[in-house]
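Have a look at the structure below before the remarks.
The values are calculated or read from the model by the stated rules, or taken from the named source; none is laboratory data. The shown structure was predicted, so the numbers you read here are calculated from the model rather than taken from an experiment. Don't worry about glycine lacking a Cβ; one is built from the backbone with ideal geometry, like all the others, and counts go over all protein chains shown.
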Number of protein chains: 2
Amino acid sequence: MSSLILFTPAGVLAQAQPLKRAAKRLQSLGFSVEIDASALARHQRFGGDDEVRLEALHRVARAAPDVALATRGGYGLTRLLDRIDWSLIAHSAEHGTHWVGQSDLTALQLGLLAHTKGISWAGPLACDDFGRADADGGVDEITRDCFLEAMDGSLEAVGFRESLAPRGQTPHDGLEARGLLWGGNLTVLCSLLGTPHFPKVKGGILFLEDVNEHPYRVERMLLQLQQAGVLDAQKAVLLGAFSAWKKSPLDRGYDLKAAISAVQSRTRTPLLGGLPFGHVPTKVCLPVGAKVELVVQGREVLLAWGHDAHRGHEH
Amino acid sequence: MSSLILFTPAGVLAQAQPLKRAAKRLQSLGFSVEIDASALARHQRFGGDDEVRLEALHRVARAAPDVALATRGGYGLTRLLDRIDWSLIAHSAEHGTHWVGQSDLTALQLGLLAHTKGISWAGPLACDDFGRADADGGVDEITRDCFLEAMDGSLEAVGFRESLAPRGQTPHDGLEARGLLWGGNLTVLCSLLGTPHFPKVKGGILFLEDVNEHPYRVERMLLQLQQAGVLDAQKAVLLGAFSAWKKSPLDRGYDLKAAISAVQSRTRTPLLGGLPFGHVPTKVCLPVGAKVELVVQGREVLLAWGHDAHRGHEH
């Protein structure tokens, strides 16, 4: 039976109910679930003050469960980055701990990659996904199954249909690329630029998603990555969901498509859409820091990694 | 009579009325006002497409008026940064053109500083300030007078009352610092980090403001600057207004004060509040790229520059 610890490294849990539901559901899925001692701690908008959350992170790393699943994102990891014992986190990952989460967890995952080349998993969050009430649809089946396969080591690829190309066109047909998979939440990733916590990946496959960000803000961040030389240094960029933004009367036809088009016109690196990932119910699990192979046939995109991804840190 | 051109380098003007009011009001204040040919151009959410806005910038630089005042901010300069003829802008600034604006104009001002060490002016925007209808209070008197003095070369200092220290305390009493003044909108400034358009200023005086950004986002950006080594490299940080953000039920006591306190605890560089600048009616004019002297007596802060600031580029 796989051991799984639920911990809160960033934002506070406003209620205990989603955490209880997540624990129960994960238990029924076959995990031996433990709730970290400070998972429900509260300090202002944080799941405990900085000391409490830092200690939780290190406690989970020392316990080295099979799965370390964050309860939710929010904001908070930025405050800890300069103080995290990266080798402790990396050591657990090398010995089999799958660190899983998304959103603010991007800061942890990219920091781990930058400091130790350690592998972690972009994927669901306990409360947002496994804690969703049955009345609200419960946990998405693809999200659940993909998580289960990623955690037991059997998931070695994800496939999706490219969504940006106009109907009937297949501009990326035949594209093949190998490189390091990295990325996560665009805002959080950009908030690491210029700091020691930003991984310097050349020839990689970068995946990005965001929520509540107007397309002009998404465009500004992507152009920052382009102007910083990050986009041009990648072999491909995979775009997940950019959800929950609100139109403005000033847009006058400007939308996410226009934003992506403006970015694509400034880089030769292909931008592909349709990755099932982000602040949406259906999300795959992706090994951040693993070597992957990208293959496009027509509009079908396959992103595959070897068994290596499950071994943690690459020696 | 000073010549003044109104131009639109970023967001579209939804209506012509504020521009007309601004032109009329600036005329009555003694300027010979010209409205740039594409000031009312429209392309999606932009004041003309990229070519149109880039050409407008260069046209204004070639015309080299006494004052080049942006109509509004919004979003758009990021798209032009890699293509702006910086030496053309710098040449006009050296020969007396005061480039004035704020918000998205921060990208132009910091790019100019990064590429040429040229001086520009953080200050009002034509439509937002001089275009405000009398029914809405018209132009703020301090903003107007400060602008007039900055443009005619007589403004050599601004003073304000420090706002962050608890009542009765004067933690910065006696602080004196000299350095390069730079800064602007925090979001726009951070969007330049890691790119060639970010000025590498050591020992400077950094000023910052923002609008519509929740304190946790302000904190995240300030921590990015801290982790990138930018805050520690400055002699002081002056905080203007951080306006129009909305509280969240998750805040639980977290606010702008908590955010600033979290940042101050991580840097020795003093953070001072109360600078009358930002997305608020009352704003001073500040010479971006000029050498300034900061003096604090009790809670009174004086930021002074020599006549140099008005000569433009320093030789």
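Quick one: would you say residue B:261 is under 23 Å from residue A:76 (Cβ atoms) and surrounded by fewer than 22 Cβ atoms within 10 Å (Cβ to Cβ)?
Working: under 23 Å from residue A:76 (Cβ atoms): yes; surrounded by fewer than 22 Cβ atoms within 10 Å (Cβ to Cβ): yes.
Judged against the criteria, residue B:261 is a match.
Here is a check on your reading of the model: is residue A:64 surrounded by 17 or more Cβ atoms within 10 Å (Cβ to Cβ), over 18 Å from the mean Cα position of the chain (by Cα) and closer than 19 Å to residue A:14 by Cβ? Give the derivation first.
Working: surrounded by 17 or more Cβ atoms within 10 Å (Cβ to Cβ): yes; over 18 Å from the mean Cα position of the chain (by Cα): yes; closer than 19 Å to residue A:14 by Cβ: no.
Against the criterion (surrounded by 17 or more Cβ atoms within 10 Å (Cβ to Cβ), over 18 Å from the mean Cα position of the chain (by Cα) and closer than 19 Å to residue A:14 by Cβ), residue A:64 does not qualify.
Please enumerate the residues belonging to the range B:201-217 that are of a type in the set (A, V, I, L, M) and crowded, with 22+ Cβ neighbours inside 10 Å. Outline the logic, then answer.
We begin by selecting, within the range B:201-217, every residue of a type in the set (A, V, I, L, M); these are B:201, B:205-206, B:208, B:211.
Listed by number, the residues that qualify are B:205, B:206, B:208.
Okay, residues lined up against (1) of a type in the set (Lys, Arg); (2) in contact (Cβ under 8 Å) with a residue 40 or more places away in the chain; (3) touching a helix residue (DSSP H, G or I) at 6+ places or on another chain (Cβ under 8 Å):
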{"site": "B:1", "(1), (2), (3)": "no, no, no"}
{"site": "B:5", "(1), (2), (3)": "no, yes, yes"}
{"site": "B:29", "(1), (2), (3)": "no, yes, yes"}
{"site": "B:45", "(1), (2), (3)": "yes, no, yes"}
{"site": "B:72", "(1), (2), (3)": "yes, yes, yes"}
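Looking at residue B:87, is it among the polar types (S, T, N, Q), in contact with a strand residue (DSSP E or B) (Cβ under 9 Å, 6 or more places away or on another chain) and not assigned by TED's automatic domain parsing to the domain that holds residue B:199? Spell out how you get there, then give the answer.
Details: among the polar types (S, T, N, Q): yes; in contact with a strand residue (DSSP E or B) (Cβ under 9 Å, 6 or more places away or on another chain): no; not assigned by TED's automatic domain parsing to the domain that holds residue B:199: yes.
No: the conditions fail for residue B:87.
Please find, within the range B:222-235, the residue that is nearest to the chain's Cα centre (by Cα) out of those that are surrounded by fewer than 23 Cβ atoms within 10 Å (Cβ to Cβ) and among the hydrophobic types (A, V, I, L, M, F, W, C).
Applying the first criterion (surrounded by fewer than 23 Cβ atoms within 10 Å (Cβ to Cβ)) to the range B:222-235 yields B:223, B:226-229, B:231-233, B:235.
Keeping just the survivors that are among the hydrophobic types (A, V, I, L, M, F, W, C) gives B:223, B:228, B:231, B:233.
Values: B:223: 21, B:228: 22, B:231: 18, B:233: 20 Å.
In this case the residue turns out to be B:231.
Hey, which of the strands (runs of 3 or more DSSP E) in the range B:1-118, taking only ones fully inside, have at least 3 residues that are within 14 Å of chain A (Cβ to nearest Cβ) and among the hydrophobic types (A, V, I, L, M, F, W, C)?
none
Name the residue, out of B:282, B:267, that is among the hydroxyl-bearing types (Ser, Thr, Tyr), at pLDDT 95 or above and within 16 Å of the chain's Cα centre (by Cα). Steps first, answer last, please.
Details: B:267 fails: within 16 Å of the chain's Cα centre (by Cα).
Among B:282, B:267, only B:282 is among the hydroxyl-bearing types (Ser, Thr, Tyr), at pLDDT 95 or above and within 16 Å of the chain's Cα centre (by Cα).
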If I ask for residues that are of a type in the set (Gly, Ala, Ser) and in a helix (DSSP H, G or I), which ones from the range B:119-149 would you list? B:126, B:135
Which residues, counting only those in the range A:129-175, are surrounded by 21 or more Cβ atoms within 10 Å (Cβ to Cβ), in contact with a Pro (Cβ under 8 Å, 6 or more places away or on another chain) and among the charged types (D, E, K, R)? A:129
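For the range A:183-208, which positions are of a type outside the set (A, V, I, L, M) and farther than 20 Å from residue B:224 by Cα? Before the answer, list the steps.
Residues of the range A:183-208 that are of a type outside the set (A, V, I, L, M), as a first pass: A:183-185, A:187, A:190-191, A:194-200, A:202-204, A:207.
Hits for the range A:183-208 are A:202, A:203, A:204, A:207.
Considering only the range A:240-258, how many residues are hydrophobic (A, V, I, L, M, F, W, C) and surrounded by fewer than 15 Cβ atoms within 10 Å (Cβ to Cβ)?
The first filter runs over the range A:240-258 and keeps only residues hydrophobic (A, V, I, L, M, F, W, C), leaving A:241-242, A:244-245, A:250, A:256, A:258.
Adding the requirement that they be surrounded by fewer than 15 Cβ atoms within 10 Å (Cβ to Cβ) leaves A:244.
Of the residues in the range A:240-258, 1 are hydrophobic (A, V, I, L, M, F, W, C) and surrounded by fewer than 15 Cβ atoms within 10 Å (Cβ to Cβ).
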